1. All but one of (1) touching a strand residue (DSSP E or B) at 6+ places or on another chain (Cβ under 8 Å); (2) more than 22 Å from K89 (Cα to Cα) hold for Q209; state the number of the condition that does not hold.
2. Looking only at region 55-79, which residues are open to solvent by less than 50 Å² (accessible area, probe 1.4 Å) and modelled with pLDDT under 65?
3. Just need a number here: residues in region 98-126 that are open to solvent by 70 Å² or more (accessible area, probe 1.4 Å) and either among the polar types (S, T, N, Q) or assigned to a helix (DSSP H, G or I) (or both).
4. Kindly indicate which of R129, R154 is surrounded by 13 or more Cβ atoms within 10 Å (Cβ to Cβ) and assigned to a loop (DSSP other than H, G, I, E, B).
5. In region 168-186, how many residues are assigned to a loop (DSSP other than H, G, I, E, B) and open to solvent by 40 Å² or more (accessible area, probe 1.4 Å)?
6. Across region 158-167, which residue is nearest to the chain's Cα centre (by Cα) among those that are open to solvent by less than 70 Å² (accessible area, probe 1.4 Å) and among the polar types (S, T, N, Q)?
7. Any residue in region 226-236 that is surrounded by fewer than 18 Cβ atoms within 10 Å (Cβ to Cβ) and under 30 Å from N117 (Cα atoms)?
8. Here are the criteria: (1) open to solvent by 70 Å² or more (accessible area, probe 1.4 Å); (2) assigned to a helix (DSSP H, G or I); (3) in contact (Cβ under 8 Å) with a residue 60 or more places away in the chain. Tell me which single one K143 does not satisfy.
Amino acid sequence: MVTVMAATAAERAVLEEEFRWLLHDEVHAVLKQLQDILKEASLRFTLTGSGTEGPAKQENFILGSCGTDQVKGVLTLQGALSQADVNLKMPRNNQLLHFAFREDKQWKLQQIQDARNHVSQAIYLLTSRDESYQFKTGAEVLKLMDAVMLQLTRARNRLTTPATLTLPEIAASGLTRMFAPALPSDLLVNVYINLNKLCLTVYQLHALQPNSTKNFRPAGGAVLHSPGAMFEWGSQRLEVSHVHKVECVIPWLNDALVYFTVSLQLCQQLKDKISVFSSYWSYRPF
């Protein structure tokens, strides 16, 4: 019995020493690694031309679809979506419409801005515990990791989960007033990020006649509405007749998503190590 108790005490002493090393050394090594990764992610969102100062780098993206040439667009990212040039071939008469952003307007992609803010908050949380800080308990580390993972998950979700908008919300968006010449009243435009892609959707509309026999059912919110979706705007009831979606990959968004995934995995691995020791402390042999 004495021998068993001595072995248990020795084992516990070894585990306590390993846990102290984990808190004092490995935790800070992981925090430094996370800071380095997230600073790289943050640089992707900054889009500066050279160094840390100077104007944001201008990037042009050609949007198209392999299935149709109805819509072609060139969108320019410079911190915000600063320019857009769109050509639309009308299905019925092949008339070509051209519209572009007004020179005095910029459209900010809120998804990119929000993701960048969440990354900045995660970095702030990590730097608030520098190498001189001494973690006293595993619970303290777990709390920090949970806070960092929350910010990283929110950043990733802003890019992977576009907002679901109703058609009236798209119609009321300031984006519709960005173009010159002004958009025709039978067109709606939406721009958003989906994963690592910049997407442009153009909706063609037609008015439902008062004597229409169609059962009017307003469509709910969606990332992408389908032909036949109905909504009410002003005194008119409208229906989507055609939907045109074009997109292109933004390489640095793909990089950012990889950084988020790697960082979340590092956080979880550190939490798992802490939990192994926590489960031992809570175990009481009889």
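The values are calculated or read from the model by the stated rules, or taken from the named source; none is laboratory data. Not measured: the values here are computed from a predicted model. Every residue, glycine among them, receives a Cβ derived from its backbone with ideal geometry; neighbour counts consider all protein chains shown. All accessible areas refer to the heavy atoms of the entire protein, side chains included, with ligands and DNA or RNA removed. Shrake-Rupley method; radii C 1.70, N 1.55, O 1.52, S 1.80 Å.
1. Going through (1) touching a strand residue (DSSP E or B) at 6+ places or on another chain (Cβ under 8 Å); (2) more than 22 Å from K89 (Cα to Cα) one by one, Q209 breaks only (1).
2. A56 - this is the single residue of region 55-79 that is open to solvent by less than 50 Å² (accessible area, probe 1.4 Å) and modelled with pLDDT under 65.
3. Summing the residues that are open to solvent by 70 Å² or more (accessible area, probe 1.4 Å) and either among the polar types (S, T, N, Q) or assigned to a helix (DSSP H, G or I) (or both) in region 98-126 gives 6.
4. R129
5. Number satisfying all stated conditions: 5.
6. T160
7. Taking region 226-236 as the starting set, the residues that turn out to be surrounded by fewer than 18 Cβ atoms within 10 Å (Cβ to Cβ) are 226-228, 232-236.
Okay, now just the ones that are also under 30 Å from N117 (Cα atoms), so none.
No, region 226-236 contains no residue that is surrounded by fewer than 18 Cβ atoms within 10 Å (Cβ to Cβ) and under 30 Å from N117 (Cα atoms).
8. With (1) open to solvent by 70 Å² or more (accessible area, probe 1.4 Å); (2) assigned to a helix (DSSP H, G or I); (3) in contact (Cβ under 8 Å) with a residue 60 or more places away in the chain applied to K143, the lone miss is (3).
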